[in-house]
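Got a structure for you, questions after.
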Amino acid sequence: MRGKSGSIVVQCRQEKVTIMTKMTKAKTMRFVNPFNAQGPTNPKYYANREKLLLTFHRSVMAVSRSGGVTRPVNIAVMGGWGVGKTSTLLKFKDMIKNESEGARIFSACVPLSPNCCSDADTFFVYLMESIFREYESTVELPQRVVDFIREELNVFENWKISKVSMTPEIERREHSPPRGINFKETMIKFWEKLHAGGIQLAVVMLDDIHYALASRENAELLYDLRTVMQGLSASGAQFMFIITGPANLYPEMRDKAEPFTRLFERFDLEPFDIEGTRQLIEKPLEAEGIDLTIDDPVVEKIHQITDGHPYFLTVTMRDVLDEMNEGRLTIMEFKGICPALIEHFARLKFHDDLDRASDAEQELLFRMALAQQSEITPSELKGSSVTKLLDRLVKKELVVKVARGRYRLYNPLFREYLKNVRPLAE
């Protein structure tokens with residue numbers, strides 16, 4: 001009896017522990033929200049873009065398995081704000097680390113800014129310094145490679161000190177980097193060290209390449225980078241270059257620095273189709289074990305109001321999980337959340353969007369929002385200088401040119417916001 005009684009006590013304790021564990025987990029899950037629109041997407045949540053990811057993976061595998069015969073494919077990832085360009089680079093880094101099947105790969109992701117693109121000297125020194133400081137490798141780098149990196153970093157540091165100490169008169173006469181710094185030659189030497197250490201491929205990612213075209217003079221940066229890339233390839237160095245930038249940048253790069261664009265295979269990141277929307281919604285939920293089912297009509301409604309744009313999708317799902325993180329979300333429940341969504345988007349983005357437009361542009365935005373059809377022609381809007389105003393709004397990414405002579409507001413949620421704001425403006 002004692003044994004039975006002891007077993008019952010132990011069993012009760014175990015059941016109590018199990019219940020407490022479940023309650024603790026349930027409380028914890030109330031605070032789990034993997035949707036974050038304020039930074040790049042976690043690679044394990046990355047959705048869709050299968051063709052782009054497949055191109056990258058195939059190129060990496062082909063180079064690593066061909067003994068240097070196959071050349072890497074350079075990739076240009078282009079798109080508007082918030083569509084996932086930087087997230088794509090993080091996904092590439094994750095694939096190199098976790099899906100390279102034993103390949104020995106060096107990689108570096110370099111974020112560009114106006115300051116580092118002020119002139120060619122600064123650009124290339126910053127680029128080399130970033131590659132040597134912010135690298136990752138699927139294998140430990142040999143000591144001779146580490147020593148080379150340290151030596152070059154010292155050279156770059158001395159270069160920066162000498163540049164700061166130059167008088168304006170000297171600086172105007174100096175148009176080339178100080179002796180000992182040459183991007184192409186340094187990268188060739190670096191590749192020789194990598195290759196001797198068993199590295200099969202070096203991947204260099206340049207985020208926000210448009211800063212290299214901030215002025216007419218800066219176009220020379222792309223000419224120089226093009227020459228370097230061609231020289232590295234001719235020398236047998238296995239460098240894969242990946243760039244990101246706005247979709248409308250490609251024609252400008254082609255005009256100012258051709259044949260720079262021909263060195264890349266271009267991929268445009270568009271808003272998701274319905275399947276991409278479903279993936280963006282479901283992947284984070286599945287990855288974090290969140291027991292929330294989103295009904296199909298809700299997925300379709302979310303896709304409709306966000307137009308499949310990753311930023312708006314992510315904000316929407318973050319707000320959804322703040323309201324409900326388990327059970328089943330029906331279309332009626334989601335419609336109850338929608339008014340608060342518009343208010344949230346207004347605070348996050350739409351107020352600032354409207355402020356960026358001039359009075360005349362704002363008036364045109366309001367008229368587009370109140371039109372019966374979402375797509376509209378200049379003749380339907382009437383008024384003076386409509387086409388010029390539309391072109392300016394397209395450049396500000398508040399209006400999208402969907403076809404020749406046809407325009408729409410950049411997002412359905414922005415349209416709803418303008419409808420709500422219009423009475424206050426009158």
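The values are calculated or read from the model by the stated rules, or taken from the named source; none is laboratory data. Small disclaimer: the values here were computed from a predicted structure and weren't measured. Heads up, the Cβs are rebuilt from the backbone with ideal geometry, glycines too, and the neighbour counts pull from every protein chain shown.
Can you name every residue in the stretch 268-297 that is under 30 Å from Y211 (Cα atoms), touching a strand residue (DSSP E or B) at 6+ places or on another chain (Cβ under 9 Å) and buried (at least 20 other Cβ atoms within 10 Å of the Cβ)?
Across the stretch 268-297, the qualifying residue is only L269.
Quick grid of which residues meet (1) of a type in the set (F, W, Y); (2) closer than 30 Å to N33 by Cα; (3) touching a residue at least 12 places away in the same chain (Cβ under 8 Å):
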| residue | (1), (2), (3) |
| --- | --- |
| I342 | no, yes, yes |
| P378 | no, no, yes |
| T387 | no, no, no |
| R392 | no, no, yes |
| E397 | no, yes, yes |
| L413 | no, yes, yes |
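Yes or no: P178 in contact with a Phe, Trp or Tyr (Cβ under 8 Å, 6 or more places away or on another chain) and modelled with pLDDT under 80? Quick ask: steps written out before the conclusion?
Working: in contact with a Phe, Trp or Tyr (Cβ under 8 Å, 6 or more places away or on another chain): yes; modelled with pLDDT under 80: yes.
Yes.
Okay, residues lined up against (1) of a type in the set (A, V, I, L, M, F, W, C); (2) within 26 Å of V83 (Cβ to Cβ); (3) not assigned by TED's automatic domain parsing to the domain that holds F148:
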{"residue": "A196", "(1), (2), (3)": "yes, no, no"}
{"residue": "Q200", "(1), (2), (3)": "no, no, no"}
{"residue": "V204", "(1), (2), (3)": "yes, yes, no"}
{"residue": "A214", "(1), (2), (3)": "yes, yes, no"}
{"residue": "A234", "(1), (2), (3)": "yes, no, no"}
{"residue": "I243", "(1), (2), (3)": "yes, yes, no"}
{"residue": "A247", "(1), (2), (3)": "yes, yes, no"}
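Which numbered condition trips up V299, out of (1) in contact (Cβ under 8 Å) with a residue 12 or more places away in the chain; (2) farther than 23 Å from N420 by Cα; (3) out of contact with any helix residue (DSSP H, G or I) (no Cβ under 6 Å at 6 or more places or on another chain); (4) assigned to a helix (DSSP H, G or I)?
(3)
Do you know which residues across the stretch 42-68 are farther than 18 Å from E99 by Cα and touching a residue at least 40 places away in the same chain (Cβ under 8 Å)? Break it down stepwise before answering.
Taking the stretch 42-68 first, the residues farther than 18 Å from E99 by Cα are 67-68.
Across the stretch 42-68, the qualifying residue is only G68.
Of the conditions (1) within 21 Å of F241 (Cβ to Cβ); (2) modelled with pLDDT of 90 or more; (3) out of contact with any Ser or Thr (no Cβ under 7 Å at 6 or more places or on another chain); (4) assigned to a helix (DSSP H, G or I), D147 satisfies every one except a single condition; which number is it?
(1)
Moving to a separate point now. Considering each residue of the stretch 73-87, count those that are out of contact with any helix residue (DSSP H, G or I) (no Cβ under 7 Å at 6 or more places or on another chain) and either within 24 Å of T306 (Cα to Cα) or among the charged types (D, E, K, R) (or both), and give that number. Before the answer, list the steps.
In the first step, residues of the stretch 73-87 are kept if they are out of contact with any helix residue (DSSP H, G or I) (no Cβ under 7 Å at 6 or more places or on another chain); the result is 76, 80-81, 85-87.
With either within 24 Å of T306 (Cα to Cα) or among the charged types (D, E, K, R) (or both) added as a condition, the list becomes 80-81, 85-87.
Matching residues across the stretch 73-87 total 5.
Okay, moving on. Out of the helices (runs of 4 or more DSSP H) lying entirely within the stretch 326-415, which hold 1 or more residues that are of a type outside the set (S, T, Y) and under 29 Å from E252 (Cβ atoms)?
Values: elements: 331-345, 351-355, 359-370, 378-381, 386-395.
So the answer is 351-355, 359-370, 378-381, 386-395.
Continuing with this model, one more query. Condition first: assigned to a loop (DSSP other than H, G, I, E, B), small (G, A, S) and either assigned by TED's automatic domain parsing to the domain that holds L280 or under 18 Å from the mean Cα position of the chain (by Cα) (or both). Can you find one or more residues in the stretch 97-108 that meet it? Walk me through it before giving the result.
Looking only at the stretch 97-108, we keep the residues that are assigned to a loop (DSSP other than H, G, I, E, B), and these are 99-104.
Going one step further and asking which of them are small (G, A, S), we end up with 100, 102-103.
From the residues that got through so far, the ones that are either assigned by TED's automatic domain parsing to the domain that holds L280 or under 18 Å from the mean Cα position of the chain (by Cα) (or both) too are none.
There is no residue in the stretch 97-108 that is assigned to a loop (DSSP other than H, G, I, E, B), small (G, A, S) and either assigned by TED's automatic domain parsing to the domain that holds L280 or under 18 Å from the mean Cα position of the chain (by Cα) (or both).
Could you look through the stretch 182-210, keep only residues that are buried (at least 21 other Cβ atoms within 10 Å of the Cβ) and aromatic (F, W, Y), and pick out the one that is modelled with the highest pLDDT?
Ranking the qualifying residues of the stretch 182-210, first place goes to F190.
State which residue is surrounded by the fewest Cβ atoms within 10 Å (Cβ to Cβ) when the search covers only the stretch 69-89 and only residues that are in a loop (DSSP other than H, G, I, E, B), in contact (Cβ under 8 Å) with a residue 12 or more places away in the chain and aliphatic (A, V, I, L, M). Reasoning before the result, please.
Step one: list which residues in the stretch 69-89 are in a loop (DSSP other than H, G, I, E, B), which gives 69-74, 79-84.
Now narrow it down to the ones that are in contact (Cβ under 8 Å) with a residue 12 or more places away in the chain: 71-74, 79-84.
Next cut, aliphatic (A, V, I, L, M) only: 73, 83.
Working: V73: 17, V83: 22.
In this case the residue turns out to be V73.
Condition check: closer than 30 Å to L213 by Cβ and in contact with an Asp or Glu (Cβ under 6 Å, 6 or more places away or on another chain). Does P310 satisfy that?
No: the conditions fail for P310.
Pick from the stretch 302-325 the residues that are touching a strand residue (DSSP E or B) at 6+ places or on another chain (Cβ under 8 Å) and not in a helix (DSSP H, G or I): which of them is nearest to Y45 (Cα to Cα)?
If we take residues in the stretch 302-325 being touching a strand residue (DSSP E or B) at 6+ places or on another chain (Cβ under 8 Å) and not in a helix (DSSP H, G or I), then N325 is nearest to Y45 (Cα to Cα).
Mind checking whether some residue in the stretch 183-203 is under 25 Å from I96 (Cβ atoms), of a type in the set (G, A, S), in a helix (DSSP H, G or I) and under 23 Å from the mean Cα position of the chain (by Cα)?
Quick first cut of the stretch 183-203, residues under 25 Å from I96 (Cβ atoms) only: 183-184, 186-203.
Subsequent filtering for residues that are of a type in the set (G, A, S) retains 196-198, 202.
With in a helix (DSSP H, G or I) added as a condition, the list becomes 196.
Next, from what is left, pick out any that are under 23 Å from the mean Cα position of the chain (by Cα): none.
Within the stretch 183-203, not a single residue is under 25 Å from I96 (Cβ atoms), of a type in the set (G, A, S), in a helix (DSSP H, G or I) and under 23 Å from the mean Cα position of the chain (by Cα).
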